[in-house]
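Have a look at the structure that comes next, please.
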Amino acid sequence: MQLVITFSILAISIVLFISNRIRADLVALLALLAFVITGVLEPTEALAGFSNSVVIMIAGLFVVGAGLLSTGLAHTAGNLLLRLSGKSEKKLFVLLLIITGSVGAFMSNTGTVALMLPIVISIAISINSSPSKYLIPLSYISSLSGLLTLIATPANLLISQVLVDNGYEKLGFFEITPVGIIAIIVGILYFVVARNIVLPNGKNKKAIKDEHKLSPKQLAIDYELGGNLHRLKVPDDSPMIGKQLAQLKLPAKYHLVILKIDRKSTEGIHILPITYQEMAGPTSIIQAKDILYIQGTFDSIEKLAEDYLLIIDAEESEADVLVTKQLGIAEVLLTPHSSLINETVGSIGFREKYNLNILGINRKGEYVLSNMAGVRLRFGDALLVQGAWEEIELLSRAMQDVVVVGQPKEHASTAAASGKAPIAGAIMLFMIVLMILEVFPAVISVLIGAVLMIITGCLRNMDDAYGKMNWESIVLIAAMLPMATALEKTGGMVILSKGIIDLLGGFGAMGVLAGIYFITMLFGQFISNTATAVLFAPIAMSAAITMDANPYTFLIAIAVSSSMAFATPVASPTNALVMTAGGYKFMNFVKAGIPLQIVMFIVMMIVIPIFFPL
């Protein structure tokens, strides 16, 4: 009876995965609960996946990958290599795919595509080519890059754990690499030869997504803050010293706003002078040697400098000084029922209410940057605000009056990690060395890397680290692992492997290997490669043991075939990511993906037994 229940739950789960109407992680949780409620598994057995070392390791890798993204290390490396392509479009195309594969060896394929997508689109547009010629290859090569290292995809970690659970040695960090290199070479050659045949030649040349346009640096350019921002030094004899900004009444007298103060620390003993920044507020007290960043016209700046004996810095102040590790800028929209509508900027007390400065107003493309106090706000206005990143994030949660456009939390993380790309690279190399030398168990090496990313500032804080984890993938894996336990406990694993052997055993171990590869690849077109690996890795292990074949050969085949998610846009998150940006239709994936899968099937059936003999 329990065997029937197990297969029923398995079948329903697969149907729900394929239908894509319920999130994959919720399907996995429902299956887990069903096993417990029906008595197939004890609660401790069902929840064992959440304490599995593979699940913890995958969570840690999300943090490490986030550190590489936040510091800009991966982006910088990509841009550097792109400059090597010169003017050759074919060389550029091949180099882009090599970069994608290299980055994907140490990051999730979804993260790799998210990183490379804006770069590839902007390059395609700049050379007057269609992004549709680049984005499907980008997605497919990122999937194949999961075969380069043990940590490149959860599927590799899962098959390694299955080997360990059955008394075999775990996979080495680079043990699967030769297969991955061949897969990427075949994938690149396929697209070099066939991309003009299998890929559309559409003229979809959309600009990079609005998120890029709404970056702090781009906002500063759009609002032309550079020409309206000035830097003044406070000498020892300035009458401004010791006074609060509220007393000075600069907006009323001079139509100027002090945005930021740079100040040398006078507390403690410092071998080197330490400068810290604070957002200027009504209670800020001016001190000698302060550097003031002031917004306003140059005529008004000259008048202020004359009255208070301030020194105008000869160098023009760039607007990007407003974006630092502590301070940032963001654009906010007024909501339809905002209490700020029809109120003047001077009367709403925005600084007092939200602890943020208003730098400018965007009214239907017209920018107001000076004398804003008397401007009456209208619905549809966008306000450029500046202040501490924490305050901007708080504002993004209070959606009654305004809505923050873009992703201030992401921009805050990037600003906080600015300049720390070498540190992130060193941490990544250190983690890899620990894993290769097996100084600690792999999960401990990954956790060391993740913690170092946080304490060195490559990620802002623990909240930032938790926010970068793909919880859907983590919960999916943890909740799916007990499914293998249920199949094994009820004898289902033996029945499935025996069925495959009975069907294909006449063709020998090679026939069974090909059959398992094909079935796994087929399921991988509709459910995630992680879920596919969880389902078929134990079956492949059982089949290998039954036939007295090499389990490594069969499990490597599972890792490879689960990564061949090419034939549908729902086969992989990376396919979904590029579908809209590339203007693709469902049949574009079928046309490009199925021939590549056939080629890969033939190549892998030759290559896998060479490196992992049957």
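The values are calculated or read from the model by the stated rules, or taken from the named source; none is laboratory data. Not measured: the values here are computed from a predicted model. Positions of Cβ are generated from backbone atoms using ideal geometry, with glycine treated the same way; all protein chains shown enter the neighbour counts. All accessible areas refer to the heavy atoms of the entire protein, side chains included, with ligands and DNA or RNA removed. Shrake-Rupley method; radii C 1.70, N 1.55, O 1.52, S 1.80 Å.
With every protein chain kept in the model, how would you rank K364, K585, K591 by accessible area, 1.4 Å probe, largest at the top?
From most accessible down to least: K364, K585, K591.
I'd like the accessible area for M521: 1.4 Å probe, protein heavy atoms, all chains in place, Å² to the nearest 10.
For M521, the solvent-accessible surface is approximately 20 Å².
How far apart, in nm, are two points set 7 Å out from the Cα along the Cα-to-Cβ line at V403 and at K233?
So the two model labels end up 4.7 nm from each other.
Please give the length that would be gained between I37 and I341 if that part of the chain were fully extended, namely 0.36 nm times their separation in residues minus their C-alpha to C-alpha distance (nm, one decimal).
Stretched fully, the I37-I341 segment lengthens by 103.9 nm.
For E438, put the label point 7 Å out on the Cα→Cβ axis and report which residues of the stretch 513-551 keep their amide N under 18 Å from it.
So the set is 551.
In terms of modelled amide H atoms, which long-range or inter-chain residues lie less than 5 Å from the amide H of L259?
Sorted by chain and number, the residues that satisfy this are Y293, I294, Q295.
Would you kindly give the portion of the calculated P(r) for the stretch 470-600 that falls above 22 Å, as a percent of all Cα pairs?
Looking at the stretch 470-600, the distances longer than 22 Å represent 41 percent of pairs.
Same structure again: Structure shown: which of K249/K353; K170/K591; K364/K468; K249/K303; K260/K420 lie over 26 Å apart, alpha-carbon to alpha-carbon?
Beyond 26 Å: K170/K591; K364/K468.
Here is a further query. For H255, what accessible area in Å² do you get when you roll a 1.4 Å probe over the heavy atoms of the protein chains, rounding to the nearest 10?
100 Å²
Where does the stretch 445-500 land on Rg(C-alpha)/(2.2 N^0.38 Å)?
Scaled against compact globular proteins, the figure is 1.82.
Can you run phi through the Karplus equation (6.51, -1.76, 1.60; θ = phi - 60°) for the stretch 24-39 and list ³J(HN,Hα) in whole Hz, with x for Gly and Pro?
With the stated coefficients, the stretch 24-39 comes to 4, 5, 5, 4, 4, 5, 4, 5, 4, 5, 5, 4, 6, 4, 7, x Hz.
Taking all protein chains together and a probe of 1.4 Å, list D307, D502, D313 from the most accessible to the least accessible.
Accessible-area ranking of D307, D502, D313, largest first: D502, D307, D313.
Quote the accessible area belonging to V439 in square angstrom, nearest 10, computed with a 1.4 Å probe and with ligands, DNA and RNA left uncounted.
80 Å²
In square angstrom, what is the accessible area per residue of the stretch 553-614 with a 1.4 angstrom probe?
Per-residue value: 34 Å².
Hey, another quick one. Show T520, T297 ordered by accessible area, largest first, where the area counts protein heavy atoms only and the probe is 1.4 Å.
T297, T520
Extension gain I455-N201, at 0.36 nm per residue separation less the Cα-Cα distance, in nm?
My answer for the length gained is 86.7 nm.
What list of ³J(HN,Hα) couplings, whole Hz, do you get for the stretch 479-487 from phi and the Karplus terms 6.51, -1.76, 1.60, once you set θ to phi - 60° and write x for glycine and proline?
7, 7, 4, x, 5, 5, 4, 5, 5
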